[in-house]
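A quick write-up on the structure given underneath.
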Amino acid sequence: MRKQSRNGEQAVRDDRFPPMLFGVYIGVLFLMSGIHMGLLVLFDKMQYGEMVQIIVPILYWAVVAIGLTLYTRWKIRSTYEEPMHQLAEATERVANGDFSVYIPPHHRADKLDYLDVMILDFNKMVEELGSIETLKTDFVSNVSHEMKTPIAIIKNYAELLQMGNIDEEKRLEYAQSIEQAASRLSNLISNILKLNKLENQRMDLDMEVYDVCAQLCDSILQYEELWDEKEMDLEVDLEDRAYIYGDRSLLELVWNNLISNAIKFTDQGGRISICQESEEDYVRISVRDTGCGMDAESIHHIFDKFYQGDTSHAKEGNGLGLALAKRVIELMDGDIQVISRKGEGSTFTVTLPAAGKEETNEPH
Ligand SMILES: Nc1ncnc2c1ncn2[C@@H]1O[C@H](COP(=O)(O)OP(=O)(O)OP(=O)(O)O)[C@@H](O)[C@H]1O
Ligand SMILES: [Mg+2]
């Protein structure tokens with residue numbers, strides 16, 4: 001018996017000369033020949049006629065041949081036809097959209113043959129198809145859900161605006177609400193498009209060597225109004241310069257989301273720290289806040305699309321920011337980690353490869 005390793009994975013039984021089958025055949029042939037000889041001796045002793053001595057052995061061997069044919073047929077049926085039939089039925093169910101199909105393999109894990117491996121691969125394929133289908137359905141229902149609220153707001157306020165006899169103040173208020181809902185909608189769509197491009201790797205990365213400290217300063221300043229409004233204590237600890245090799249506009253999305261999250265999920269008067277340090281091969285940026293923090297379950301899901309752990313701020317976003325951030329950082333060969341405790345705050349740490357020395361001297 002030979003055991004072949006398929007792509008270095010599962011060892012598969014590949015018998016050129018199956019000893020079991022050989023054992024069965026030789027046993028049967030010995031037994032039948034023995035009976036044949038016994039019959040001949042019996043005929044001789046009993047002195048039966050010549051016709052009987054010819055016809056009985058012929059009939060006997062015909063019965064033996066029928067037995068062997070039936071055995072071989074049963075063997076082919078149970079080894080190939082039944083699994084194939086099962087596979088055909090399962091394939092039909094999958095084609096009709098049933099992804100709960102599972103075919104058990106016919107042998108134990110250490111005695112798998114090629115058919116078992118094909119069945120196991122089929123099960124794996126169906127499971128994958130099922131999860132893609134679920135993701136697709138979840139994605140469509142999430143997008144529809146996120147779109148419904150701003151569209152309802154736009155519709156309601158537009159109806160109110162049409163009613164006439166409303167004073168100038170109210171009119172302005174309604175128009176502002178419509179504008180906010182429209183910009184939320186446009187944000188949602190542009191984030192979905194960005195994520196789609198990033199996931200399909202259709203986006204051409206615009207990689208360059210640039211100073212990430214300057215970019216972080218710009219991002220922090222963008223949110224000045226917000227942290228001022230919440231009277232937050234902002235601590236910034238950046239080097240003068242730190243060069244990285246990355247896509248500037250994509251990384252801007254990452255910093256903006258981490259900083260806006262820190263502000264959004266921290267109460268009035270909290271503290272936000274943004275630190276950056278350089279090691280020989282990488283640059284590390286961390287955004288820490290003293291906000292609401294997260295439990296283990298939320299931490300597990302924050303990088304999922306549309307996940308929003310803290311529902312009290314659900315209106316202020318769509319839960320796509322961190323999914324986008326993670327994908328961007330993956331594309332830049334970096335890493336993002338989070339440490340958080342419910343009620344105590346969170347720290348997001350991004351590590352990115354530093355630009356090489358030669359590249360830093362001659363930024364292109
Ligand atoms: N600094 C933080 N403190 C506490 N929870 C956070 C923090 N950052 C993210 N989260 C949790 O992770 C979830 C996902 O964050 P993400 O940035 O992806 O979405 P969002 O900010 O709700 O919406 P969007 O970024 O699309 O505007 C948030 O809804 C929140 O529950
Ligand atoms: Mg966010």
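Ignoring aspartates and glutamates fewer than eight residues from K124 along the same chain, the ones with Cα atoms less than 13 angstrom from its Cα are D116.
Per the Kirkwood formula applied to alpha carbons, region 273-340 shows a radius of gyration over Rh ratio, Rg over Rh, of 0.99. Charge tally for E159 (other residues, Cβ to Cβ under 14 Å; Lys, Arg +1; Asp, Glu -1): +3. As a calculated quantity, the FRET efficiency between D110 and D333 at R0 = 45 Å, using C-beta atoms, amounts to about 0.65. K194: which lysines have alpha carbons under 28 Å from its alpha carbon, excluding same-chain residues fewer than 8 sequence positions away? By straight Cα distance, K194 reaches K136, K148, K155, K264, K305, K315, K326. Value of Rg to Rh for region 207-361, rounded to two decimals, is 0.96; Kirkwood radius and Rg both from alpha-carbon coordinates. Estimated from helices alone, the mean residue ellipticity of the chain at 222 nm is -19500 deg cm²/dmol (sum of -39500 (n - 2.57) over DSSP H runs with n ≥ 4, per residue).
Region 27-54 and region 147-165 have Cα centres separated by 101 Å. The local environment of I299, defined by Cβ-Cβ distances under 14 Å, has a net charge of -2 under the rule Lys, Arg +1 and Asp, Glu -1. Once the Cα-Cα distance is subtracted from the 0.36 nm per residue extended length, the M163 to E344 segment shows a gain of 60.3 nm.
For the chain, the longest principal axis of the alpha carbon atoms and the long axis of helix 114-162 meet at an angle near 30°. Each residue of region 281-289 was assigned a 3J(HN,Hα) from its phi angle through the Karplus expression (A = 6.51, B = -1.76, C = 1.60, θ = phi - 60°), giving 9, 8, 10, 10, 10, 10, 10, 10, 9 Hz with x at Gly and Pro. All distinct Cα pairs of the chain go into the 1/r average, and the inverse of that average, the Kirkwood radius, is 27.7 Å. Placing unit charges on each Cβ (+1 for Lys and Arg, -1 for Asp and Glu) gives the chain a dipole about its Cα centre, and among V126, M332, C275 the Cα reaching farthest toward its positive end belongs to V126.
Using equal-weight Cα scatterers in the Debye expression, the normalised intensity of region 78-209 in log10 at q = 0.18, 0.21 Å⁻¹ is -1.00, -1.14. If you bin all the Cα-Cα distances of region 1-116 at 10 Å, starting from zero, the percentages per bin are 11, 26, 24, 17, 12, 8, 3, 0. Close amide H pairs (under 5 Å, H built 1.01 Å from N) link V283 with L352, A354, residues at least 5 positions away or on another chain. Rounded to the nearest 20 debye, the dipole size of region 2-98 about its Cα centre is 320 debye, using +1 on the Cβ of Lys and Arg and -1 on the Cβ of Asp and Glu.
Where a number appears in this text, it was derived from the coordinates with a stated rule and is not lab data. What you see is a predicted model, and the numbers here were worked out from it, not measured in a lab. Neighbour counts are summed over all protein chains in view; Cβ atoms, including those assigned to glycine, are modelled from backbone coordinates with ideal geometry.
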